[in-house]
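Following: one structure in structure tokens, then a few remarks.
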Amino acid sequence: MENDSELQQSGWAYLPSVCLSHVFWWLDDRDRSQAALVCKRWNQAMYSGSLWRTRTIIFSGRPSRSNTSEFESALWYVKRFGKYLEHLEIKFLNPYNAVLTRKFQVTMRGLLSRLGKCNTRLVSLTIQHLELDRLVWRNIIKNQFIKNLIIFLKRMGTHLVHLSLKGARVKLEEGCELLSSLSYLKNKSFASEINIEDFFSHHLSIYSSPLFHQTMSTFCNLVILTLNYNCISDELLDILCENNAHSLWTINIKCHIHDPHGQVVWGMSWANLAKRAPKLKVNFFFERVMKHDSLARILLAEIPLRSISLRSCYFSDPDWSMRPTLTTLLPAYKHSLQKLTLEFNNSHESLDEELLQLVLSCKRLFFLKIWAFLRVAFVERLLQNQAEGKCTLRTMKVRIYTNRYETIEEDRMLRDIFRRYRDLIDSELNYFVIAYPMM
């Protein structure tokens, strides 16, 4: 037994470093710390830089006994392993009161200060959904947090490649100062991916701000830019054309009903950008902006549109029609559209034929998601066209709304359709179709 034990211990002792690191990779912090006590070699494995390059730190926004350990473990991690960090994501989930936001601010001050002194590798920082315009963020707490973050970004701006402050909801001046901090040392920022969706507070007309345009002119290597439509203007498109045409691949634009979106943007500005940045693809996400007049002012034919999402949730307006959008507006992108998401309440009009013709006209469309009042036959016709090679979908997600509580008949018909086209679905499609009572 002793010899077997010695052999077993010897086997573990000479486990290849690659295998040992892989084992440690699957362990949480507590288990890693305990495993590091086994022997000197395992202790060395604990400090392998590859284990600590990526980190997601989650702070609960609700009062609990675990809050203290969350804040303490975050500081412990940065003190011991912050120098290895390359990708950091921080989540602060729905803070309940000012006590917790204050605790978060103090913790982040220590975390960012320590990280700024010991780390030279950080390339990606994500801090999302802070919602700094909520009342739980007292002005003194919010201002101090923003100040600490600005200091940190000034230190890291030279090597930070990706920054996401989605959902921060800050004032115009605060937001521009945060973004400008990336170019503090060189007057230019070489960050390639910036996410400022819902970064500014609601109802702000960012598109008319010279300060915002000046701030965006400091970015000269953008590959992916995510923002709201209330930031889009001819001036911004000209700035992107001048400074980022050589690198720009993707622009993601969210347009929300509560954000200003009545500005006039000329098609020539989009055309110039598309010409100077030939690889550019634009993705639009509309939240409750569904009326044809509003969409027609935004969706200009010159935009190199790759995907579009139109969502009205469950809101219904009998004076509104989706038909003009499906028949005259979206077909303009039939040569470029690849992803289409439609979620709307069309209980007052039938749109099966218009939807089918739109899908068949878009020859590059591979992703389709529709939640609407439809007949079950729509799904069958879509699969039949797929089988005949008239469309080339790879993903089909359909939720068929009904005006009845029971969907027994629809479910039976959908099962029959699935059985008839099972071979096609299994070989070609990511397929999910259900009937859903809309009552």
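The values are calculated or read from the model by the stated rules, or taken from the named source; none is laboratory data. These figures come from a predicted structure and were not determined experimentally. Here the Cβ positions follow ideal geometry from the backbone for every residue, glycine too, while neighbour counts run over all protein chains shown. When the accessible area is computed, the model is the full protein with side chains, heavy atoms only, and any ligands, DNA or RNA have been set aside. Shrake-Rupley method; radii C 1.70, N 1.55, O 1.52, S 1.80 Å.
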Inset, instruction - Note down all Cβ pairs under 6 Å where the first residue falls in the range 212-223 and is hydroxyl-bearing (Ser, Thr, Tyr), the second is not in a helix (DSSP H, G or I), and they're at least six residues apart or on different chains. - result: Thr218/Lys188; Thr218/Ser189
Inset, instruction - Kindly indicate which of Cys255, Cys231, Cys241 is buried (at least 17 other Cβ atoms within 10 Å of the Cβ), out of contact with any strand residue (DSSP E or B) (no Cβ under 7 Å at 6 or more places or on another chain), within 23 Å of Val170 (Cα to Cα) and in the same structural domain as Asn345 (by the TED database). - result: Cys231
Inset, instruction - Output yes when any residue across the range 57-70 is within 26 Å of the chain's Cα centre (by Cα) and surrounded by fewer than 14 Cβ atoms within 10 Å (Cβ to Cβ), and no when none is. - result: yes
Legend entry - Filtered residues of the range 283-294 (kept if in contact (Cβ under 8 Å) with a residue 12 or more places away in the chain and surrounded by fewer than 20 Cβ atoms within 10 Å (Cβ to Cβ)): Asn283, Glu287, Arg288, Lys291, His292, Ser294
Inset, instruction - State whether the residues of the range 330-340 include one that is of a type in the set (Gly, Ala, Ser), closer than 26 Å to Cys313 by Cβ and assigned to a strand (DSSP E or B). - result: no
Inset, instruction - Would you point out which residue out of Ser307, Ser312 is in contact (Cβ under 8 Å) with a residue 40 or more places away in the chain and not aliphatic (A, V, I, L, M)? - result: Ser307
Inset, instruction - Just give me the residues in the range 183-206 being outside any loop (DSSP other than H, G, I, E, B) and either of a type in the set (Val, Ile, Thr) or modelled with pLDDT of 95 or more (or both), in sequence order. - result: Glu193, Ile194, Asn195, Phe200, Ile206
Inset, instruction - Scan the range 1-24 for residues that are of a type outside the set (Gly, Ala, Ser), at pLDDT 65 or above and surrounded by 11 or more Cβ atoms within 10 Å (Cβ to Cβ) and jot them down. - result: Trp12, Leu15, Leu20, His22, Val23, Phe24
Inset, instruction - Mind telling me which of the residues Arg121, Arg55, Arg114, Arg102 ends up being assigned to a loop (DSSP other than H, G, I, E, B) and either out of contact with any helix residue (DSSP H, G or I) (no Cβ under 6 Å at 6 or more places or on another chain) or at negative phi (or both)? - result: Arg121
Legend entry - Residues that are in a loop (DSSP other than H, G, I, E, B) and among the hydroxyl-bearing types (Ser, Thr, Tyr), drawn from the range 394-414: Tyr405, Thr407
Inset, instruction - Tell me, please, whether a residue that is in the same structural domain as Arg109 (by the TED database), open to solvent by less than 10 Å² (accessible area, probe 1.4 Å), of a type in the set (Phe, Trp, Tyr) and out of contact with any Gly (no Cβ under 8 Å at 6 or more places or on another chain) can be found in the range 187-208. - result: no
Inset, instruction - Go through the residues of the range 83-99 one by one and say whether even a single one is part of a helix (DSSP H, G or I), open to solvent by less than 10 Å² (accessible area, probe 1.4 Å) and in contact (Cβ under 8 Å) with a residue 12 or more places away in the chain. - result: no
Inset, instruction - Keeping to the range 14-46, report how many residues are more than 19 Å from Arg80 (Cα to Cα) and of a type in the set (Ser, Thr, Tyr). - result: 2
Inset, instruction - Mind counting the residues in the range 25-37 that are farther than 21 Å from Glu70 by Cα and open to solvent by less than 50 Å² (accessible area, probe 1.4 Å)? - result: 2
Inset, instruction - Hey, can you tell me all the residues within the range 174-186 that are among the hydroxyl-bearing types (Ser, Thr, Tyr) and open to solvent by 20 Å² or more (accessible area, probe 1.4 Å)? - result: Ser180, Tyr184
Legend entry - Residues (open to solvent by 30 Å² or more (accessible area, probe 1.4 Å) and either part of a loop (DSSP other than H, G, I, E, B) or charged (D, E, K, R) (or both)) located in the range 162-173: Lys166, Arg169, Lys171, Glu173
